[in-house]
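Reviewing the structure listed below.
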Amino acid sequence: MAPGSHFVILADMNGDGRPDIVVSHGTRYVSVLLNKGGGTFAPAKGSPYDLGSEVYALAAADFNRDRHNDIIAATVNSVTVLLGDGARFVAGPGSPYRAGPGAYNVAVGDLNEDGMPDIVASSFGSNAVTVLLAQAEPKAGDRKAMAGGITRAR
């Protein structure tokens, strides 16, 4: 892993019941270190992942209902979602999602009580708080729907 670690979270990223390490480093990279037990870790396939923008915060939740946590990152003026399948991570359809200027922190929770995790991002560049609502399936003709089943709340 490259030097310059910034933000870190612990979450089970491959479904084995052990906490894995997700860490941002080198400003625009995220690495996933899978817990092999006994205090040893190994990089997930394709790790580190280049998000293309500076990473300010990380969270984990299962957005595509495959029973594997996905990575959510606040990345300057956007929120990036990397979908995980237990072995590797790829950018979700439509990711990154536009957020307020200086998206600095992210939180995940079911804001609209539909059983799916939603994303909230705060911004240090303005008074903006961005709310991204997950959808099971984007509705045809929904102008607010973003690819990947995420809707930007207004």
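The values are calculated or read from the model by the stated rules, or taken from the named source; none is laboratory data. Bear in mind the structure is a predicted one, so any value in this text is a computation, not a measurement. Heads up, the Cβs are rebuilt from the backbone with ideal geometry, glycines too, and the neighbour counts pull from every protein chain shown. All accessible areas refer to the heavy atoms of the entire protein, side chains included, with ligands and DNA or RNA removed. Shrake-Rupley method; radii C 1.70, N 1.55, O 1.52, S 1.80 Å.
Structural remarks
- Other-chain or far-sequence residues with amide H under 5 Å of R28's (modelled H): V55
- Point-charge dipole on Cβ atoms (K/R +1, D/E -1) for the chain, about Cα centre, debye to 20: 360
- Rolling a 1.4 angstrom probe over the protein heavy atoms with all chains in place gives the chain an accessible area of 50 Å² per residue.
- Rounded to the nearest Hz, the phi-derived 3J(HN,Hα) couplings of segment 91-98 under the Karplus curve 6.51 cos²θ - 1.76 cosθ + 1.60 (θ = phi - 60°) are 4, x, x, x, 7, x, 9, 4, where x marks glycine and proline.
- Distant-in-sequence amide contacts of H68, defined by a placed amide H-H separation under 5 Å and a gap of 5 or more residues or a different chain, comprise nothing.
- Taking amide H as placed 1.01 Å from N in the peptide plane, Y104 has its amide H under 5 Å from the amide H of S122, S123, F124, each at least 5 places away in sequence or on another chain.
- Correct choice for P(r) over Cα pairs in 10 Å bins from 0, in percent that was computed from the model, options [x] 9, 15, 11, 10, 9, 8, 7, 6, 6, 5, 4, 4, 3, 2, 1, 0; [y] 12, 42, 34, 10, 1, 0; [z] 9, 22, 17, 16, 13, 9, 7, 5, 2, 0: [y]
- Charge sum, other residues only, whose C-beta stays under 15 Å from S24's C-beta, Lys/Arg counted +1 and Asp/Glu -1: -2
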